[in-house]
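To keep things clear, I will list the structure first and then write my remarks on it.
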Amino acid sequence: MRPHVPLMDSGTLPWASLGPPGLHSRLLSRDPETGARTALQCMRPQEGYQAPPIAHYHHTYEEILVIRGCFSFDSTNWLEPRSYCFHPPETVHGFKSAVREESWFLSRVGRNLDVNLVPEPVRLSPYYVSSLPPPRAVAVH
């Protein structure tokens, strides 16, 4: 279970590098048992961040709320401030990801995040790798 967080000034937390240049995170809460977490994340193209060129999926859900900036998972639908995106577990996405400018977003996942690459997707729009669709569909608002 995640510990109680009564009040936090996320602006005082340091940015932690997530590996690739220009990809940073401020961890807000995490369940030590499942790996479920909420984090403020930042992609900075000016520091060399490049969106992944290959489609992928996760075995957990992924929720994103954009705070600032502009980016896309398909170079067609652009996520801008106040945009919300939900990828159910096993949803292939990220076909033509792009980041136009420094972008900050609130990210929430239901367990440790795995990245499963799909070099040759069946189609260029979100789809599920399992035979049954999830109870909640992909959402982009």
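Check Gly69: other-chain or 5+ apart residues with amide H under 5 Å from its amide H, H built from backbone geometry?
Those lying under 5 Å, H to H, from Gly69 are Trp104.
With +1 on the Cβ of every Lys and Arg and -1 on the Cβ of every Asp and Glu, and nothing else charged, how large is the dipole of the chain about its Cα centre, in debye rounded to the nearest 20?
Once rounded to the nearest 20, the dipole reads 180 debye.
If you plug each phi of segment 79-88 into the Karplus form 6.51 cos²θ - 1.76 cosθ + 1.60 with θ = phi - 60°, what whole-Hz ³J(HN,Hα) values come out, in order, with x for Gly and Pro?
Here the 3J(HN,Hα) series is 8, 10, x, 6, 6, 10, 9, 10, 10, x Hz.
Give me, ordered by chain and number, the residues 5 or more places off Leu18 or on other chains with an amide H under 5 Å from its own placed amide H.
Amide H to amide H, under 5 Å and 5 or more residues apart or across chains, Leu18 pairs with Leu23, His24, Ser25.
With θ set to phi - 60°, apply the Karplus curve 6.51 cos²θ - 1.76 cosθ + 1.60 along segment 27-34 and write out the HN-Hα couplings as whole Hz, x wherever there is a Gly or Pro.
Along segment 27-34, the couplings run 6, 9, 7, 8, 8, x, 7, 9 Hz.
If you take the square roots of the eigenvalues of the alpha-carbon gyration tensor of segment 54-119 and sort them as a ≥ b ≥ c, do you get rounded (a/c under 1.5), prolate (a/b over b/c) or oblate?
In terms of gyration-tensor shape, oblate.
Explain nothing, just the number: dipole magnitude of segment 60-141 about its Cα centre with +1 on each Lys and Arg Cβ and -1 on each Asp and Glu Cβ, in debye rounded to the nearest 20.
Dipole magnitude for segment 60-141 comes out near 180 debye.
If you roll a 1.4 Å probe over the chain with all protein chains in place, what percent of the accessible area is carbon or sulfur?
Details: 4620 of 8140 Å².
The C+S portion of the solvent-accessible surface of the chain is 57 percent.
Local charge sum around Val66 (other residues, Cβ-Cβ under 11 Å, Lys/Arg +1, Asp/Glu -1)?
Every neighbour counted, the sum reads +1.
Read phi for every residue in segment 111-126 and hand back ³J(HN,Hα) as whole Hz from Karplus 6.51 cos²θ - 1.76 cosθ + 1.60, θ = phi - 60°, with x for Gly and Pro.
With coefficients 6.51, -1.76 and 1.60, one gets 6, 3, 8, 9, 10, 10, 6, 10, x, 10, x, 5, 8, 9, 9, x Hz.
The values are calculated or read from the model by the stated rules, or taken from the named source; none is laboratory data. Remember, predicted model here, so these are calculated numbers, not experimental data. When we count neighbours, we look across all protein chains shown, and the Cβ atoms used for this are built from the backbone with ideal geometry, even at glycine. Surface accessibility is based on the protein's heavy atoms, side chains included, excluding ligands, DNA and RNA. Shrake-Rupley method; radii C 1.70, N 1.55, O 1.52, S 1.80 Å.
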